[in-house]
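Working notes, beginning with the structure itself.
Just so it is clear, none of the values below were taken in a lab; they were calculated from the coordinates. It should be emphasised that the depicted structure is a prediction, and the values quoted were computed from it without experimental measurement. Methodologically, a virtual Cβ is constructed for each residue, glycine included, from the backbone with ideal geometry; neighbour enumeration extends over all protein chains shown.
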Amino acid sequence: MNKIFLNSGFTWIITMLLVPCTLLAQDTISGKIIENTENALPLPGANVYWLNTNVGAVTNFDGEFELSYKPEYKKLIISFVGYTSDTIEVTSPKYIEHKLSPSSNLDEVTLEARKKSSSLSYVTPQNTTFVSSDELLKAACCNLSESFETNPSIDVNFADAVSGTKQIKMLGLTSPYILIATENIPTVRGASQSYGMSFIPGTWVESIQITKGAGSVVNGYESIAGQINAELVKPKTDNALFVNVFAAASERVELNTHINTDLNEKWSTGLYLHGNIHQQKHDRNNDGFLDMPLYKQYNIMNRWQYLDSEKGWVGFLNLNYLQDEKQSGQVNFNPDTDKLTTNLWGSEIFTNRFQASSKIGYVDPEIPWRSVGFQNAFSHHKQDSYYGLNVYNITQNSWYSNLIYNSIISDSRHKIKTGLNYTFDSYKEDVGTTNFSRTEYDLGAFFEYAFDNLEALTLTAGLRVDYNNLLGTFITPRFHARYTPWEKSALRVSFGRGKRSANIFAENQNIFSTNRTISIENTGGNIYGLDPEMAWNYGVSFLQGFNLFNRKGDVAVDFYRTDFTNQVVVDYENPQAIQFYNLDGESVANSFQIETSYNPFTHFNMKLAYKNYKVTTDYKSGNFQKPLTPEHRFFANVSYELYSEKKPTAPWKFDATYNWLGKQRFSNTSSNPPEFQLGEFSKTVGTLNAQVTKVFSNTFEVYVGGENITNVRQNNPILGAENPFGTYFDTGFVYGPVFGSNYYAGLRYKIPSKNN
């Protein structure tokens, strides 16, 4: 019966791929609305409608719209709160890109709303947060993993006490359960899962979209907790020259440089350089180990952009090379004499990575609601590393292709996406003297239907069928719906299924910084002898805007539940061992969040959030809360811009973020000798970050700031630090900062391009 169902489902998908275009007969116009400012950001929620009709649309998250067209429709009205409305003449169905200028007579409330650098979407069926480049500048984010300190939807923690790697979580689950993409191409996965987010410089990122819950079937089947998509700066719209210099009291120094130019009317190119170095040794807690690693990173990207609006073609080509070196361990460790010996404990991680990707899109100028996109990406990732006496090397070669066709059925209220997807991964992995090698490929077909009545209801329903040489044939459905019960509100529901191969060593490299015995309970599966992970995610959220004392704000409440039907359990409950095995029982992650954003007075923004996590798993020794996952978290961010009547931009910007984490459960250490035992829970942790920016002109600004100004430190993050080759050595009990407070300064210089 299952086979019949799978075959019929696959036949249905293929049939939908071949739907004749003659079904799509009604003329339609489409386009994009952006702001006529230096950043040229899209305007989600702009109104687009025909004069003297009830026919209209609201732009989506990317500022895009589709609208039915008739010859009797002559004038198109475009409006958005805080911007001057425009009326344009349209004589035929075509693609329109239009810029709205900020209104010169805005009242205070409207101006504050326009200045929001991070916002929740009211119009998309997915629960999505849009983070602009202005938000990214609020923190010293020099790579993507450091870009979420001011966002309550993502939790940032340290993975262990020696690598300095920051780990992100969403809905209480770690990053392997999040699809992390760059311009909708999955990027941080497989061998790059542990350190890959530190390989994307923050200045290269134009914006970030954070989507909670099951993602779209278009981007694959691996998303379980949500999706993070980073849009990179574009050669045509980025500054002609951009320079960012950063230096911290820890003696960390970074340099970012962008050089962009137009080769002609259609071609633009950009060269992006990133350098990152830290060579100063710190041991503030006097445990004999470095508080942060020594490292060097060099990152270069060449980006090409092609745009022919008249013929409907757009394309991107990216070439990227990275070299990353990290050293950690005991303060006096010398790799030349101590590597892989018991003289002193040390670790080195050498990573070389090359990526090439392309995106080609075509929008039919005569039929603008019909488009085709084709994505391709190749990556080579090689990591050679050791942790004390534990050797871990991995090489991954990957190919990704995605063909997407967009159209409508009957009219612009009914949209479809369909296409084919191919993924290839080759892994060569050495864990000590044991080799784990495999080749995994997947061919998938997907179909997604979207309905938008332009008023109260928007929904997206998707289904994909995949054949994987190691996982077999399987189906992943996804569903999202948004309903507007009254003004300034959005009620959302979602559900979806995800499936993934667990790369148990690449995703958990902190296990090598212990002296625990590593074991895998082989169940006959095709990947490390284990079966793939599968889970259902269910979510409901409600967003409500309000006016209080004539000031705008909003409040959002959401609840998500992730229910694993199978999971690769990482069991730390035996303090002398780490066990990998497939779930036998129940594993759930319940996430509740309430968030509010408010502008109590002019140019002042405030954001508060509370999160509650219940993440429990059936281990062999019982059902427990996941280690180092706080049940309670509190977040607060305030920002203020001090404007001058003489200048259009704020000469001073102030920002502060406070994060509080409740107690976190330690994995069981009761069988250790008393001196190597920990309590059941950690202490609570509260950290404060702040930054001040002085804007001298539209080309030059300087900033100073502090991280962990409260100087909170976990004094003894390493268990058994005095004997790193002994039985009880473990670096995995990190619940808070190790280094303490750190202060920094930097400058930004830019020469705008003629397209800005």
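What is the antiparallel percent of DSSP beta bridges lying wholly in the chain, to the nearest 5?
95
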Under 21 Å from residue 415, Cα to Cα: lysines that are on another chain or at least 8 residues apart: 32, 70, 94
Any idea what the relative contact order of the chain is, in percent, if you count C-alpha pairs under 8 Å spaced at least 6 apart? 11
Let me make sure I get this right: for the range 132-180, a, b and c are the square roots of the gyration tensor eigenvalues over alpha carbons, sorted descending. Under 1.5 in a/c it's rounded, otherwise prolate if a/b > b/c, else oblate. Which is it? oblate
To the nearest 10 degrees, the tilt of helix 2-17 (Cα long axis) against the first principal axis of the alpha carbons of the chain is 40
Whole-Hz couplings from phi, Karplus 6.51/-1.76/1.60, listed for the range 297-314; x for Gly and Pro: 9, 10, 9, 9, 9, 10, 10, 10, 10, 10, 9, 10, 5, 5, 9, x, 9, 9
Considering amide H positions built from the backbone, and no H for Pro or chain starts, which residues 5 or more places from residue 172, or on another chain, come under 5 Å of its amide H? none
How large is ³J(HN,Hα), in whole Hz, for each residue of the range 559-572 in order, when computed from phi with the Karplus curve 6.51 cos²θ - 1.76 cosθ + 1.60 and θ = phi - 60°, using x for Gly and Pro? 9, 10, 10, 10, 10, 7, 8, 8, 8, 8, 7, 9, 9, 9
Here are some values of Kirkwood radius over Cα pairs in Å: (i) 34.7; (ii) 28.2; (iii) 27.2. Which one was computed from this structure? (iii)
Under 5 Å between amide H atoms, partner at least 5 residues away or on a different chain: which partners does residue 412 have, H built in plane at 1.01 Å? 68
Given points 7 Å out from each Cα along the Cα-Cβ axis, report the residue 715 to residue 87 separation in nanometres with one decimal. 7.3
Paramagnetic reach from residue 577 (point 7 Å along Cα→Cβ, amide N under 16 Å) across the range 525-553: none
Around residue 50, with a cut-off of 10 angstrom between Cβ atoms, what is the net charge of the other residues, counting Lys and Arg +1 and Asp and Glu -1? +2
Cut-off under 5 Å, modelled amide H: who pairs with residue 710 long-range: 688
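Quick check: residue separation of residue 546 and residue 680 times 0.36 nm, minus the Cα distance between them. What number comes out in nm?
Difference between extended and current length: 44.0 nm.
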Phi-derived 3J(HN,Hα) across the range 228-245 with the Karplus relation (6.51, -1.76, 1.60, θ = phi - 60°), rounded Hz, x for Gly and Pro, is 10, 10, 9, 8, 8, 4, 9, x, 6, 10, 6, 5, 4, 9, 9, 10, 10, 10
